[in-house]
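The values are calculated or read from the model by the stated rules, or taken from the named source; none is laboratory data. Small disclaimer: the values here were computed from a predicted structure and weren't measured. In this analysis, Cβ positions are derived from the backbone assuming ideal geometry, glycine residues included, and neighbour counts consider all displayed protein chains.
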Amino acid sequence: MGAPLIGARIQRKEDYRFLTGAGQYTDDVTLPRQTYAAFVRSPHGHAKIKSINAAKAKAAPGVLAVYTGEDIAAAKLGGLPCGWLITDVNGQPMKEPPHPVLAQGKVHHVGEQVAVVIAETLDQARDAAELVQVDYEVLPAVADVRLARAKGAPQVHGIAPDNTCYVWALGDKAAVDAAFAKAAHVTKLDFVNNRLIPNAIEPRAANGSYSRADDAYTLYVASQNPHVERLLMTAFVMGLPEHKVRVVAGDVGGGFGSKIFLYAEDVVVTWAAKQLNRPVKWTADRSESFTSDAHGRDHHTIAELALDKDGKFLAMRVKTTANVGAYLSTFASCVPTILYATLLAGQYTTPAIHCEVTAVFTNTAPVDAYRGAGRPEATYVVERLVETAAREMKMDPAEIRRKNFIRSFPYQTPVALLYDIGDYDATMDAAQKLGDVAGYPARKKASAAKGKLRGMGYAAYIEACGIAPSAVAGSLGARAGLFEAGEVRVHPTGSVTVFTGSHSHGQGHETTFAQVVADRLGMPIENVDIVHGDTSKILFGMGTYGSRSIAVGGTAIVKALDKIIAKGKKIAAHLLEASEGDIEYANGVFKVTGTDKQKLFGEVAFAAYVPHNYPHDKLEPGLNENAFYDPANFTFPAGTYVCEVEVDPETGVVKVDRWTAVDDFGKIINPMIVEGQVHGGLTQGIGQALTEGAKYDSTGQLVTGSFMDYCIPRADDVPMFQVDTRETPCTHNPLGVKGCGEAGAIGAPAALINAITDALGVKDIAMPATPQNVWRTLNQKKAA
Amino acid sequence: MHAFNYHRPSNVNDAAALAAKSVDAKILAGGQSLVQAMKLRLAAPTDIVDLGTIKDLAGIKVDAKSVTIGAMTRHAEVEGSAEVKKAIPALAALAGMIGDRQVRNMGTLGGALANSDPAADYPAAVLGLGATITTTKGTHAADKFFKGLYETALRPGEIITSVSFPIPKRAAYMKFKNQASRFAIVGVFVADTGAGVRVAVTGAGPCALRLAEMEKALSAKFAPESVASLKIKSDGLNADLHASAEYRAHLITVMAKRAVEAAMK
Ligand SMILES: Cc1cc2nc3c(=O)[nH]c(=O)nc-3n(C[C@H](O)[C@H](O)[C@H](O)COP(=O)(O)OP(=O)(O)OC[C@H]3O[C@@H](n4cnc5c(N)ncnc54)[C@H](O)[C@@H]3O)c2cc1C
């Protein structure tokens, strides 16, 4: 055997397919007798639908059908469900307004689907969609998270007074109040965590088909979790038996969370396929993506940190209003609560924390999980407070952090989580060294000599990955389990196909998971293929989000591998006429301990499938095992980011000059893929802080509805990243892994805004810190 | 995109005739503005007259006094042309600042001028250098060409064939990009022509415009400090999500100063 595969920089197996254009995305699937759908969408933020006249559209060339909310109601299709029930401070369930797949009488956000036109060609469908006449009575709208509960604000849903979905709280309020009362210093910030639009490179797409012969459906869809999609669609919306619905999410071009959810279009094309007895395909164009994909973030937060005179944290008080948009998307309710407030301890021993979250409806696209989902918002609160407190108390920002680091594990936080392990000094030390923090003063001088303002900022983040122990999640309101499933199928000649319920849409699972399998089985990686994304092939799956794949999905595979090896030992014992207890397995060889008697893995596999000489009395033939793994705890990746910016005070342009990221992701399977994930995450985090911000006007129009106005960062907006890792292996999964997919996006915004405020010498600046925003902030400072 | 009739004439007269046939006919050059509008269903021409195969519309000619560029010359050709770089380096540099590589490989000078996007770059050079625009119907002086938002002196069916840029003593273009679109929030072209200084700005108004005050100050003394504290009035300047009129006014001064600095290097 060669070098171990775990920890090796192996090039991605999937890239040959992608780079040669051989990927099979949903839109690449064209079925016999394919038809095409175009959706008629609301141009208004809030309006009554007085009437819909589809006569002209129905008569247009090639049109097969036009369906509206009435047809959906007549077919008794249910609304889209929310997968997580939040119970409010008074013990009442959250308000769940109906979320119809085609609008019923009223529209609640720009881009909401009002009707669908299905035609022989896409152009015919689009042409006819322009002929559907919808008579709207425009209503006043509310879009801004800060205005949703204002007196006299327009009401989005009748069932949610004051536009309030729930008021929820976590932590010991009395203890927090008491700590604040005796604090030597209190740092307070009031800010908006800006709304983001995910913008996966592949837009959402769905192609539904129906077989009358089998009374069965197939949905090809750009999804991060096909089994969850099927479960929600069959059980909650369409009332279909699961075994009659196959969901295939083959190659998916990015998701960042936005493809976790069950969307209206997926249901409509599946339902319509049966009505027409023909497959119905829809692919969003970019304009549709902007207005109808679930957005991310959009919190208004007032946060306070109480400290003693030496800079020790005493308590934290956080009040957040979270915009959930016009409807509750699949996981909308848990993101600003369970995935947010629980992270407010950060890396620190803050003994008392209280967080109150008010979720509000507005006339905007639904808001749900987006890379980091709650944890970037929490990290922003903690790390902005900590850095600001250090400045106010004239302490070194790294030292104030060190003063408060958690150093003894396991550590029970005051906000429900139990950290199993970490070493925050290690990542801080490494980041300071790698980032040459010692050389900062000289660089600041050099910048000043050029007329530029240099600033430095830290973020020492923590996140919870490996979602989630199902019992814990269930007790907190989850309406689904959060385990993962895997199957290892050994073929008669010894090669292996692995089926995983995790889903890869850019993460490189086909490589990383194959490394784990090949390493454990002691075989070349070429002998292992990973299959995902098809409910007819994979036993079950909860999908990919929350950086859970390797920790939960990977562990399920390891458990199945353990079973394979255990069974292999039995077969080998029989073949070698030894007792099972004497068989050891390493490097692809079953061996009788202390002898040179051995069988290769392939020989054992062959014996399992050609069982001529086989212990039939004790063992079934075949070598195929599956496993379900429900994690014992979350995993807790953590790290330190240090960045430096140089600001041009004349124009307000911020140049991100240096970026150092040292992360602790536990054991690392493929450092190259991990670095790629960190680079991508950091870039999205830099985007949030510097360039991205979705803006609605007061009527609910999306002002940033295209890339002409919504700026996702390009390669030249980010510096060359210096990344490194430190390793404290997770204590409760066999690989010791934690997850790395979101860290960059979680830690980056706080680090960057800390650097910018340092450069400008101001307490705060709103995200995104665009040139105009920076210029104005400097002017205000001058005027003050 | 709506359906349309596609024409590919082999000479510019046929193109003009085809374009004149229908009020909803459109000339297609690089398609980097027109096709976008068609894909978004904002434009629905009945006929597309593609200039792509008319050979003599593309090319660069340089003589002692001027640089003449064919209407169908792609931005990338101007950017990369050794002759342009030598004669008017600011013009090559400007072409290199347009959009991205893909856009520059398709987009054309004629298309950019005919389109007269308020944030387009070329208009600043055309106005800043006092270029002459030649069309199928005659010539236009730069100062009389840009009329307003997406509005030029071109009459229906009139096709730009080439543009002639006088070679200045020194010139520079400074562009402050919109982060998202990378069009100009403000772009200032400064040219010391020998017979006076011309300063043109794009992105700030409905179309490219000249800045008389700055021209006066720089004609008196061609130095950054001549404009550094010259405050531009924000009244009537463009305002949007990315830049208020005040910010644009401020940026014009900064970009003009930097353009003068660059021109003097
Ligand atoms: C992503 C992107 C980024 C861009 N960034 C920039 C930028 O930073 N700066 C910038 O200046 N521009 C930018 N552009 C616009 C680009 O420069 C276009 O190429 C240009 O504006 C239009 O030129 P075209 O050759 O593509 O013309 P087309 O799109 O083919 O035509 C545009 C219009 O001009 C008319 N037309 C074309 N040629 C002629 C002619 N010879 N005579 C008369 N009428 C004619 C057409 O009928 C049409 O109405 C960008 C475009 C894109 C897609």
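Looking across A:Ala556, A:Ala572, A:Ala560, A:Ala605, one residue alone is part of a helix (DSSP H, G or I), out of contact with any Lys or Arg (no Cβ under 6 Å at 6 or more places or on another chain) and more than 30 Å from A:Gln507 (Cα to Cα). It is A:Ala605.
The listed residues are B:Ala95, B:Ala90, and the only one of them that is more than 14 Å from chain A (Cβ to nearest Cβ), under 16 Å from B:Phe165 (Cα atoms) and within 11 Å of the ligand (Cβ to nearest atom) turns out to be B:Ala95. Listed by first and then second residue, the pairs linking a residue in segment B:1-23 that is within 20 Å of B:Ala43 (Cα to Cα) and within 14 Å of chain A (Cβ to nearest Cβ) to a residue that is assigned to a loop (DSSP other than H, G, I, E, B) and of a type in the set (D, E, K, R), with Cβ atoms under 8 Å apart and 6 or more places separating them unless they lie on different chains, are B:Met1/B:Arg41; B:His2/B:Arg41.
Please pick out the residue among A:Asp214, A:Asp266 that is among the acidic types (Asp, Glu) and surrounded by fewer than 19 Cβ atoms within 10 Å (Cβ to Cβ). I'd like the intermediate steps shown before the answer.
Working: A:Asp266 fails: surrounded by fewer than 19 Cβ atoms within 10 Å (Cβ to Cβ).
The unique qualifying residue is A:Asp214.
When B:Val49, B:Val103, B:Val78, B:Val62 are checked against the criterion of being in contact (Cβ under 8 Å) with a residue 12 or more places away in the chain, more than 9 Å from the ligand (Cβ to nearest atom), more than 21 Å from B:Val201 (Cα to Cα) and touching a helix residue (DSSP H, G or I) at 6+ places or on another chain (Cβ under 9 Å), B:Val62 stands alone in meeting it.
Take the conditions (1) assigned to a loop (DSSP other than H, G, I, E, B); (2) more than 24 Å from the chain's Cα centre (by Cα); (3) not aromatic (Phe, Trp, Tyr); A:Met456 misses just one of them, which is (1).
Residues are listed down the side, and each one gets a yes or a no for (1) surrounded by 17 or more Cβ atoms within 10 Å (Cβ to Cβ); (2) assigned by TED's automatic domain parsing to the domain that holds A:Leu328; (3) under 28 Å from the mean Cα position of the chain (by Cα); (4) among the small types (Gly, Ala, Ser):
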site: A:Ala115; (1), (2), (3), (4): yes, no, no, yes
site: A:Asp123; (1), (2), (3), (4): no, no, no, no
site: A:Arg126; (1), (2), (3), (4): yes, no, no, no
site: A:Leu131; (1), (2), (3), (4): yes, no, no, no
site: A:Val134; (1), (2), (3), (4): yes, no, no, no
site: A:Pro154; (1), (2), (3), (4): yes, no, no, no
site: A:Pro161; (1), (2), (3), (4): no, no, no, no
site: A:Phe180; (1), (2), (3), (4): yes, no, no, no
site: A:Leu189; (1), (2), (3), (4): yes, no, yes, no
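Return the total of residues in segment A:239-265 being closer than 21 Å to A:Asp368 by Cβ and not in a loop (DSSP other than H, G, I, E, B). Can you show your working first?
First pass over segment A:239-265, keeping only residues closer than 21 Å to A:Asp368 by Cβ: A:247, A:249, A:252-265.
If we keep only those that are not in a loop (DSSP other than H, G, I, E, B) too, we end up with A:247, A:264-265.
So the answer is 3.
If the condition is being within 26 Å of the chain's Cα centre (by Cα) and small (Gly, Ala, Ser), then segment A:636-660 contributes A:Ala638, A:Gly639. Just one of the listed residues (A:Pro734, A:Pro713, A:Pro749) is surrounded by fewer than 24 Cβ atoms within 10 Å (Cβ to Cβ) and either more than 14 Å from every other protein chain (Cβ to nearest Cβ) or hydrophobic (A, V, I, L, M, F, W, C) (or both), and it is A:Pro734.
Within segment A:753-771, is even one residue within 14 Å of chain B (Cβ to nearest Cβ), touching a residue at least 60 places away in the same chain (Cβ under 8 Å), surrounded by fewer than 22 Cβ atoms within 10 Å (Cβ to Cβ) and within 29 Å of A:Lys433 (Cβ to Cβ)? Within segment A:753-771, none of the residues are within 14 Å of chain B (Cβ to nearest Cβ), touching a residue at least 60 places away in the same chain (Cβ under 8 Å), surrounded by fewer than 22 Cβ atoms within 10 Å (Cβ to Cβ) and within 29 Å of A:Lys433 (Cβ to Cβ). Reported count of residues in segment B:157-197, each being within 10 Å of the ligand (Cβ to nearest atom) and over 14 Å from the mean Cα position of the chain (by Cα), is 8. Contact map, segment B:30-41: first residue in contact (Cβ under 8 Å) with a residue 12 or more places away in the chain, second residue among the small types (Gly, Ala, Ser) and within 6 Å of the ligand (Cβ to nearest atom), Cβ cut-off under 6 Å, separation 6 or more or different chains; pairs are B:Gly30/B:Gly107; B:Gly30/B:Gly111; B:Gln32/B:Gly107.
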